[in-house]
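Notes for the one structure printed next.
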Amino acid sequence: MVGPNGEQVGEVRVEDALRLAQEADLDLVEVAPGANPPVARLMDYGKYKYEANLKAREARKNQANTVQKEIRMGLKIDTHDYETKRRNVEKFLDGGDKVKVIIRFRGREQSRPERGVKLLQRMAEDVSEYGFVESHPRQDGRNMVMVFGPHKKKAQAMAEARKRKTDAEKAEARGKDEQSAPEAEAGAES
């Protein structure tokens, strides 16, 4: 038998173990029924189940699935449009998601795949701070595809986002408190 604090009590008869559990207002839980002799433990079973449920919920909250986002653009993309696509790629990578960048070739553009490679290499250099090239440019019919992977894991990115959100809420609450304090003083003076 194992005591409530994890200490070894030793071999105890079932009747004595039940009496000890009743005196301590705890439950007698069989931990290893296959052992010889079977191992039982004195514990608050309701509290144990509650804590196990809390741990499982916390693990689910921290679990995150990496999603593959997709950005499409043409070969003759304008500078401003390219910057918008680049910012989106950075946002997705910063959020911990993979990004698949696709360039569509139309008509005669298909005969010049090196221009697509050049555009994707430019994108890779621009977003290197947020992610890395997971698969290099490859021709896939009328499209050229390149995949970027994030430097940080999805769970880490989500944890940072939660922390930023709570910090912003705390700062906002402090700002409201500081604004209400001078108003209260002004009301007391009049």
**Request:** Please verify whether the range 171-180 includes one or more residues that are assigned to a helix (DSSP H, G or I), open to solvent by 100 Å² or more (accessible area, probe 1.4 Å) and basic (Lys, Arg).
**Result:** yes
**Asked** When both residues are 6+ apart or on different chains and their Cβ atoms are under 9 Å apart, which pairs have a first residue that lies in the range 89-112 and is on the phi > 0 side of the Ramachandran plot, and a second that is open to solvent by less than 50 Å² (accessible area, probe 1.4 Å)?
**Response** Gly96/Ala64; Gly96/Pro150; Gly96/Lys152; Gly96/Lys154; Gly96/Ala155; Gly96/Ala157
**Request:** Select from the range 68-100 the residues that are among the basic types (Lys, Arg) and surrounded by 14 or more Cβ atoms within 10 Å (Cβ to Cβ) and list them in ascending order.
**Result:** Lys69, Lys85, Arg86, Lys98, Lys100
**Item:** Residue that is most open to solvent (accessible area, probe 1.4 Å) [pool: residues in the range 1-43 that are in contact (Cβ under 8 Å) with a residue 40 or more places away in the chain and either touching a Pro at 6+ places or on another chain (Cβ under 8 Å) or charged (D, E, K, R) (or both)]
**Value:** Arg41
**Request:** Determine which single condition Gly107 fails, assuming it passes every other condition in (1) modelled with pLDDT under 90; (2) open to solvent by 60 Å² or more (accessible area, probe 1.4 Å); (3) farther than 16 Å from Ile71 by Cβ.
**Result:** (2)
**Item:** Unmet requirement for Leu54, which otherwise passes all of (1) open to solvent by 60 Å² or more (accessible area, probe 1.4 Å); (2) farther than 30 Å from Met158 by Cβ
**Value:** (2)
**Of residues in the range 31-75 being out of contact with any helix residue (DSSP H, G or I) (no Cβ under 6 Å at 6 or more places or on another chain) and β-branched (Val, Ile, Thr), the one modelled with the lowest pLDDT** = Val67
**Message:** Residues that are of a type in the set (A, V, I, L, M, F, W, C), modelled with pLDDT of 90 or more and touching a helix residue (DSSP H, G or I) at 6+ places or on another chain (Cβ under 8 Å): does the range 152-164 have at least one?
**Reply:** no
**Fill in**
Matching residues in the range 55-88 (under 18 Å from Val133 (Cβ atoms) and either among the polar types (S, T, N, Q) or in contact with a Gly (Cβ under 8 Å, 6 or more places away or on another chain) (or both)) number 3
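The values are calculated or read from the model by the stated rules, or taken from the named source; none is laboratory data. Keep in mind that what you see is a predicted model, and the values were worked out from it rather than measured. Neighbour counts run over all protein chains shown; Cβ positions are idealised from the backbone, glycine included. For accessibility, only protein heavy atoms count, side chains too; no ligands or nucleic acids. Shrake-Rupley method; radii C 1.70, N 1.55, O 1.52, S 1.80 Å.
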